[in-house]
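The values are calculated or read from the model by the stated rules, or taken from the named source; none is laboratory data. Since the model is a prediction, treat every value here as computed from it, not as a measurement. In this analysis, Cβ positions are derived from the backbone assuming ideal geometry, glycine residues included, and neighbour counts consider all displayed protein chains. For accessibility, only protein heavy atoms count, side chains too; no ligands or nucleic acids. Shrake-Rupley method; radii C 1.70, N 1.55, O 1.52, S 1.80 Å.
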Amino acid sequence: MATNTSSLKKKSEQVLDGSDIMELVENQEVFTSFVDHKFKELDKDSDGHLSVKELQPAVADIGAALGLPAQGSSPDSDHIYSEVLNEFTQGKQEKVSKTEFKEVLSDILLGMAAGLKRDPIVILRIDGEDLSEFINGPSYEVEMLSVFSQIVSDDAVLPMRDCIVKALEKLTVDQGMPPSSDSWVTSNIIEPALQLWDGNNQEKPVSQETFLEEFKKVAERVAQNLKEQPVIVAHSENTFDGSGIKRLLSNKFELDKLLNTALENVPKDRNGKVSKEYLRVVLDVVAPSASLPPIGAVEQVMQMKVKIP
């Protein structure tokens with residue numbers, strides 16, 4: 001479902017394409033100053049080296065920049081945090097010098113910049129205005145009837161409340177709706193709107209007419225909640241349709257060369273097999289050639305990142 005988002009883009013869009021990171025790293029004077037400041041901040045005992053404990057805040061910052069949940073949230077994300085730490089310590093060093101810290105940080109930042117160049121992230125401030133424009137605009141009925149037909153085809157009979165919840169899940173930032181899959185959005189934006197609506201016309205048969213009428217009431221309350229509590233959403237506008245994968249699979253020479261490169265430095269067991277925990281590393285190397293984002297990126301970038309006070 002595509003709608004005209006030009007007004008939203010003019011008002012509240014910021015594109016992160018990695019250019020700022022590249023500019024920072026490539027300016028030796030500025031980057032050296034940045035590293036000096038960061039290193040001094042981390043070096044709590046002022047011994048000129050960073051211990052594993054002193055590196056932890058830097059690792060946490062890198063994880064947050066990658067869109068990872070906090071350490072301890074899941075085994076998958078904890079494995080990535082561990083890999084980032086190993087990049088600094090090389091898996092064996094107890095202390096890291098400023099030179100080593102600078103080299104690894106540069107590599108990580110350049111990798112992030114390359115990823116953003118390939119798959120830019122758009123930062124949107126969603127404040128309810130665009131949702132209000134959508135539900136009061138000329139395309140509302142057509143688009144929401146299309147959504148209604150999808151819901152009805154999925155489930156023959158649904159209570160009105162469930163229809164509205166499912167319909168909200170199908171709206172996107174194009175209509176001015178943050179992802180309802182985010183727990184903060186559900187708890188602070190959607191549920192309060194449903195609670196104020198609950199009890200009104202709950203027993204009405206779910207027809208197209210009643211759905212449009214009742215959904216609009218809830219959406220208006222959602223828009224009001226967004227006005228009072230705007231959210232920032234990180235959003236990818238790239239479309240991943242599988243064409244890059246088809247192209248890669250059709251070229252056996254390129255595929256074999258890419259896989260050999262990806263597998264070259266990945267640890268293997270004595271039988272030459274790669275463990276499951278390192279498979280994501282291989283797939284991330286293959287991803288650019290297959291026109292795919294890094295593993296987990298699509299799920300992460302569609303999450304709400306910051307709540308505006």
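What the table shows:
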read-out	value
Size of electric dipole in the range 12-82: Cβ of Lys, Arg +1 and of Asp, Glu -1, about Cα centre, debye, nearest 20	280
Convex hull volume per residue in cubic angstrom - Cα atoms of the range 33-78	75
Cα-based reach from Lys246 at 13 Å (exclusive), listing aspartates and glutamates while leaving out same-chain residues under 8 positions away	Glu254
Whole-percent carbon and sulfur share, accessible surface of the range 38-190, 1.4 Å	53
Convex hull (Cα only) mean projected area of the range 32-136, reported in nm² to one decimal	9.5
Charge-dipole axis of the range 54-141 as Lys and Arg at +1 and Asp and Glu at -1 on Cβ define it, positive-most pick from Ser74, Gln90, Val59	Gln90
Accessible area of the range 94-225 divided out per residue, in Å², using a probe of 1.4 angstrom	47
Approximate shape of the range 93-146 as ellipsoid semi-axes (Cα gyration tensor, √5λ), whole Å, largest first	48, 12, 9
Over 32 Å between alpha carbons, listed pairs Lys117/Lys257; Lys40/Lys273; Lys102/Lys252; Lys95/Lys257	Lys40/Lys273; Lys102/Lys252; Lys95/Lys257
